[in-house]
1. Going toward the positive end of the dipole of the range 412-596, with +1 on Lys and Arg Cβ and -1 on Asp and Glu Cβ, which of Ile458, Phe580, Leu417 do you reach last?
2. Is there a quick way to get the dipole size of the range 35-342? I mean about its Cα centre, with the Cβ of Lys and Arg at +1 and of Asp and Glu at -1; what is the value in debye to the nearest 20?
3. Among the lysines, select those whose C-alpha is under 24 Å from the C-alpha of Lys615, and discard any that sit fewer than 8 residues away in the same chain.
4. Over 24 Å between C-alpha atoms is what I'm after, so list which of Lys481/Lys521; Lys275/Lys299; Lys73/Lys300 land there.
5. List the lysines whose alpha-carbon lies under 20 Å from that of Lys248, not counting same-chain residues fewer than 8 positions away?
6. Residues with amide H under 5 Å of Leu20's amide H, sequence separation 5 or more or different chain, H placed in the peptide plane at 1.01 Å from N; which?
7. Using the Karplus equation 6.51 cos²θ - 1.76 cosθ + 1.60 (θ = phi - 60°), what ³J(HN,Hα) coupling, rounded to whole Hz, does each residue of the range 280-295 give in order, writing x for Gly and Pro?
8. Please list the non-local residues whose amide H lies under 5 Å from the amide H of Ile457, H modeled 1.01 Å from N, same-chain partners needing a gap of 5 or more.
Amino acid sequence: MASQNIQEQQYYQEGRAIQLIRCIPPTDEERKNPRFVPQLEIDREAKQIIAERFETPISVIVYVGNMGVGKSKLATMTITALEKEQHHQTARMFRSGAGANGVTQGVWMWSEPLQHPKQETNESGSILILDCEGMGDLDENTGANLYLFCMLISTAFVVILRPSRVDRYQCNRLYQALYRFERMRAQYVLPNLWLLPLDLPEFVYSDPKTSEDVPISEEQWINNIFTVDEENNRLSNDENQALKNRYKYIIDILPKIRAANIHHLPPSLHSNSRKLDTYSLLRSKESDLYATSITIAIKKFLANGGKRLLGSIAQNMFVRPSEFAELMDDLIQVINRDPVPNPDELINQYLTNRFTAELEKEYVTRFEHDLMNYVTKQCEKLSELQKPPSDEQIATIIGEMAHQRDQNHEKQGCIQLIRCIPPTDEERKNPQYVPQLEINQQAQQIISDRFEAPISIIVYAGNMGVGKSKLATVTVAALEKEPHGTDLLWFRSGAGTNGVTQGVWMWCEPLRHPDQDEQTKGSILVLDCEGMDNLDENTAANLYFFCMIISTAFVVVLRPARIDRFQCDRLYIALRRFEFMKSFHVLPNVWLLPLDLPKFLHIDPDTGDDIEISKEEWLHKIFSVNDERNNLSSAHNQRLKEQYEYITPLGHWTTTQVID
């Protein structure tokens, strides 16, 4: 009995192929329903394996492509190339076969964490290999959902080609999956797409005059792959034009498409037998060229360093195994809900959770440090007492405690400063109605009584859900000289579909400049403005206008790092109101604050790499319209250009600055 348990434990601990995602077959009724959403299901055991066995950073290589091109065989060869020693049974590798029907169903994974070829023994990090079902047997929507899932979770989305071309069916599948990214507002979610032609040791094309293979560069080969040869195909003009448009769409939407080569598969490895000793054969002299080319290709796939949380490229935002396992599960639920799924809310939730966890960790550490210092000091005082305190000393202590209690009672944390009064039904129908704002008298009294001149007012504004309230909380925590206790209320934040902040909220306690000494007077007031998405145009403009006039720093929080056309509209409408004012020195001091962007970067259109640029260059790009890469009409693009020019210093009279 004991030996049987040991064998079972070894079976589950050793590497083996296990199904990660299953495509649930639809019923006959569901097949007939045009609104049916194909359902995917994650395997609980596979999810637990990833959460418990893998290490950060995780690199995820996904092999996709048409049915029967050799994805599963390549996945097996990849694992064999990465293993340091032979300790698995070949029968437990990815199944592959040459039948008319596909062998792989859904998405399969290798359960054992693999290491980078250059990784040292003491370095952390794991490689996860995924093998995706061939697309020939799946309907369009199921295929698109499976591709979308793999694109979002991968660090290398590798399209296996045999023959060496992206045919119109494969093109359609890539197009359908990539088209779903158009609705997403989150940045850094597009896949790192690789083309891997099998049996093509070098990039070549066939010379039409001599019919000989001519070596070309990777870029030339990719350009040929996405070019329609109208003279030699039998498609109609409409089909050729549709293929051209989709090729162009794929190239335009992706930041970069890369390609890699591997050598011909040695004859000794062609067999699909479950008893084949792939480990020994791959390391034989016959397989030398093939094994070397596999290792080189793997290193290229792993060059970006590991999977980060969706929506971020920051070095410290590598996804953790437990996060990754939960993220995959949550992604499946999002994909199963909607014919055209959009995981924006989920992405923001994970970013916010990570942000909150890091803040709590830092605050708890600081609290523990302060608590230890306090306990040490009190112990020192107690040790100095040679006799019990007198009645006068006890009375003094009680008085000090009462005074401290009264002071704590006065502290409230955050409180609403401005409320947007909801209009009645009659007021909503009235085109002349002016949205009404209301100031909180208690908040007004607090500012009047507690704050000292000069007052600096920092206002955080921006779209709903970008993290303004969380940033306001962090700002307060950074400026506080000592912990304020758990009874005070922080600015409320959350990851729901509706905004949490209503109107404008303020921090009740006067804060001091980080460099300010005890003798210097002055206070800092931190305000958190409601996200603009839920407000009508006039109410939002009024709220922005109010905050612009009273602020010393009007900080527009950006996530992603761009001024979209809706945010642009709100800034434009609010700033237009200054045109009617004759007073001088009233324009706001506007700052742009892109979250998750430690440096100012832009993507090189030629290489797809992030390049560090100056604040001025970044600001110029933020207020530039890329007509070629967006899908707006000419009229929309022209309007956006005019509004950008109006807002920026180049076109009008406002000052815009940037901080990182």
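Values in this text are rule-based calculations from the coordinates and carry no lab data. Since the structure is predicted, the reported quantities are computational estimates derived from the model, not experimental observations. Cβ: placed from backbone, ideal geometry, glycine included. Neighbour counts: every protein chain shown.
1. Phe580
2. 300 debye
3. Lys468, Lys599, Lys641
4. Flagged as over cut-off: Lys275/Lys299.
5. Counting by Cα, and skipping residues close in sequence, Lys248 has these lysines nearby: Lys256.
6. So Leu20 has HN proximity to Val107, Trp108, Met109.
7. Listing the rounded values in order: 6, 5, 5, 9, 7, 4, 4, 9, 4, 5, 5, 4, 5, 5, 4, 4 Hz.
8. Correct list: Leu525, Thr552, Ala553.
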